[in-house]
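In what follows, a single structure is set out as structure tokens and then discussed.
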């Protein structure tokens, strides 16, 4: 699959000291094999700790013809 960023992602301080949080949205633009004709969106919601630990959750809403 290929995708492109929608707008600008966000990253900034969270309510928890020393923890950054953010989000980004990608639009699915194409796919191959079982994903030919795929379209949809992927969202990423994440946190980054002061020591670089990342927790990243993705949600996908995809349509395949």
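Any read-out appearing in this document is the output of simple, stated calculations on the displayed coordinates, not a laboratory observation. This is a predicted model, so every value here is computed, not measured. For neighbour counting, all protein chains shown are included, and Cβ atoms are generated from backbone atoms with ideal geometry for every residue, glycine included.
Determine, for each peptide in 4-16, 29-41, the mean count of other beta carbons within 10 angstrom over its residues, then list the peptides with the highest first.
Going from most to least packed, we get 29-41, 4-16.
Relative to the compact globular guide of 2.2 N^0.38 Å, what is the alpha carbon radius of gyration of the stretch 2-63, as a ratio?
The reported ratio for this selection is 1.36.
What fraction of the DSSP beta bridges in the chain is antiparallel, stated in percent and rounded to the nearest 5? Each step should come with its number before you reach the end.
Details: 28 of 28 bridges.
Beta bridges within the chain, antiparallel portion: roughly 100 percent.
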